[in-house]
Amino acid sequence: MSNVIRFALLGCGTVGSGVVELTTRNAAYLATRVGAPLELARVAVRDASKARAAKIDPALLTTDVARVLEDSSIDIVVEVVGGEEPAGSWIGAALRRGKSVVTANKSLLAARGPQLLSIASEHRADLAFEASVGGAVPIIRTLRDHLVADWVRSLRGIVNGTCNYILTRMRDESASFESVLAAAQELGYAEAEPSLDVDGHDAAHKLCVLALLAFGASVRPEDVPTEGIRAIEPVDHRFAARFGYGIKHLAVGRETAGRELDLRVHPALVPLRMPLASVDGVLNAIALEADGAGSQVLVGRGAGSLPTAVSVVADLIDCARNRRAGVSGLQTIGLDVTRRPIAAPQSQEALWYLRMRVADRPGVLAQIAGALGAHEVSIEQMVQEGGGRRASDRQGTDDTRVIVMLTHEAVEANVRAALLSIDAMSFVHGRSLALRVEG
Ligand code: NAP
Ligand code: HSE
């Protein structure tokens, strides 16, 4: 076995610690799979004195990233710091020096993926990013390599482990949003800034990365219509189940007949018979529809130290093999990325779940139905919770009732306008909720 392949870690938190653990524990086996030993040469962090989950030789720790990037003996840089800057400049600098780069950084890839890929190709270096979407789920390889001969027409994914974990525990235990988010942070699922997860931005970043590979589309993350999960309450899970649905936070991408891209991120009602409906906890899943392959669903752990590190190390091995073979860029060769317009969601038709809280008074339903009708939204099913025909049937002294409806197909802009006028009615409490029904 010959020349050692030396790699450096930028960042050694949740994901970085998993990479140290896997590459140390499986060193001998990985060396046989590469044909050369992998040597961890440097670990750059913000605070070298901090206690770490992984056992690291203190001599490897540094806070001087520039020196790591200048070290010509380092072949591969693994960036697991996160955020657009300084990570973007570091990756650009590493690629310009001909180093291969492995990254899990979806926010950076969403903002600058095509640009970084072209720097990689210009400098004959690899840029690999399996861990950026789906944690341990091999969705990047599936789109990039396996479906290379096929055309992907649509994808629907549960791509944020934190959101799925929160929705699952709120549904099963009626747990509070705050307590479950704290647990997701403790388990290493959430981003350093957890609003990226719960407000849907992390899923939008991942959708941009998927759109790059599935549709050859360069899309700005800020152009992707994005909603998070803060408005979902345990009562919504109860009603969704009663209608035969689960609530999932989805990233959806598809090509419309006019070659526009319909890209969006939002919570949605998913029929219980669909595979995505039973994907719970930190699991992620991506359902693909392709011309030749037909339907397929990939499922696995979407976040956490070791599941994510498995994808990072798989990329590390690919890069190491390529360097041994003296080749680069094979996986992304000819990836033709163009800027593509995103279809306006407001004009699209969908079935809707509507939930509102109202005072239990005569005439309320008629006014709500009138407002929906005036905006061409017609009701398919309706349920009211908490009321009773006799005063003695009613629960407690609170006269607030929850009304939930499923609509027939309706244009999003009309649904939103109807809810605005309903929420302005004096008997409506708080903001009403509209969720799409998918599938
Ligand atoms: P993390 O636990 O917060 O770790 C970040 C690491 O970066 C820490 O070791 C930190 O150093 C280091 N760092 C931050 N700023 C730095 C700077 N200016 N210079 C040098 N080092 C710096 O984050 P993580 O959860 O491992 O996530 C890392 C990346 O992987 C992110 O892009 C994230 O989106 C992505 N990702 C995470 C998961 C997951 O499940 N957590 C899954 C997939 C992808 P200190 O330790 O000294 O503070
Ligand atoms: N915060 C992300 C999630 C990590 O919860 O899915 C994995 O990308």
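The values are calculated or read from the model by the stated rules, or taken from the named source; none is laboratory data. For clarity, every value in this text was computed on a predicted model and none was experimentally measured. All Cβ positions, glycine included, derive from the backbone under ideal geometry; neighbour counts span all protein chains shown. Quick note on the areas: whole protein, heavy atoms, side chains included, nothing else; ligands and nucleic acids left out. Shrake-Rupley method; radii C 1.70, N 1.55, O 1.52, S 1.80 Å.
For ARG6, the residues whose amide H sits under 5 Å from its own are GLU39, ASP75, ILE76, ignoring neighbours fewer than 5 places away on the same chain, with H placed 1.01 Å from N. Rounded to the nearest 20 debye, the dipole size of the range 195-265 about its Cα centre is 260 debye, using +1 on the Cβ of Lys and Arg and -1 on the Cβ of Asp and Glu.
From helices alone, the chain scores -10500 deg cm²/dmol at 222 nm; the rule is -39500 (n - 2.57) for each run of n ≥ 4 DSSP H residues, then divide by the residue total.
The share of alpha-carbon pairs in the chain lying farther apart than 36 Å comes to 33%.
Taking the range 323-350 and a reference point 7 angstrom along Cα→Cβ of GLU409, the backbone N atoms nearer than 11 Å belong to 349-350. In this simple spin-label model, placing a label point 7 Å from the Cα along the Cα-to-Cβ direction at both LEU298 and MET382 gives a separation of 4.5 nm. Averaging 1/r over each pair of different alpha-carbon atoms in the range 128-218 and inverting the result gives 14.3 Å, the Kirkwood hydrodynamic radius.
Here the range 1-96 is described by how far its Cα atoms reach on the three principal axes: 37, 32, 22 Å, from widest to narrowest. Treating each Cα of the range 221-261 as an identical point scatterer and summing with the Debye formula, the log10 of I(q)/I(0) at q = 0.16, 0.17, 0.25, 0.34 Å⁻¹ comes to -0.62, -0.67, -0.90, -1.18. Taken as entire DSSP H runs, the helices of the chain that both span 24 Å or more between Cα atoms along their own long axis and average -1.0 or more on the Kyte-Doolittle scale are 305-325. Once you reduce the range 287-359 and the range 95-110 to the center of their Cα atoms, the two points are 16 Å from each other. Averaging 1/r across all pairs of distinct Cα atoms in the range 140-301 and inverting the result yields a Kirkwood radius of 16.1 Å. The relative contact order of the chain comes to 16 percent, based on Cα pairs under 8 Å that sit 6 or more residues apart. Note on the chain: with a GNM built from Cα contacts shorter than 10 Å, the maximum mean-square fluctuation among ALA136, ALA369, ALA343 falls on ALA369. Shown for the range 347-437: the carbon plus sulfur share of the solvent-accessible area, taken with all protein chains present and a 1.4 angstrom probe, equals 48%. How many percent of Cα pairs in the range 1-47 exceed 12 Å? That fraction is 63 percent. Note that the range 273-427 presents 49 Å² accessible area per residue, ligands and nucleic acids not counted, probe 1.4 Å. Counting only protein heavy atoms and a probe of 1.4 Å, the accessible surface of the range 140-301 is 49% carbon and sulfur. Stokes-Einstein diffusion of the range 347-437 at 10 °C, 1.306 mPa s viscosity, Kirkwood radius from Cα pairs, rounded to a whole number: 118 µm²/s.
Of the GluC sites (Glu not before Pro) found in the range 162-260, those that fall in a DSSP loop while having at most 14 other beta-carbon atoms within 10 Å are GLU260.
In the range 101-200, which chymotrypsin sites (Phe, Trp or Tyr not before Pro) are in a loop and have at most 13 other Cβ atoms within 10 Å, using DSSP for the loop call? Sparse-neighbourhood loop chymotrypsin sites (Phe, Trp or Tyr not before Pro): TRP151.
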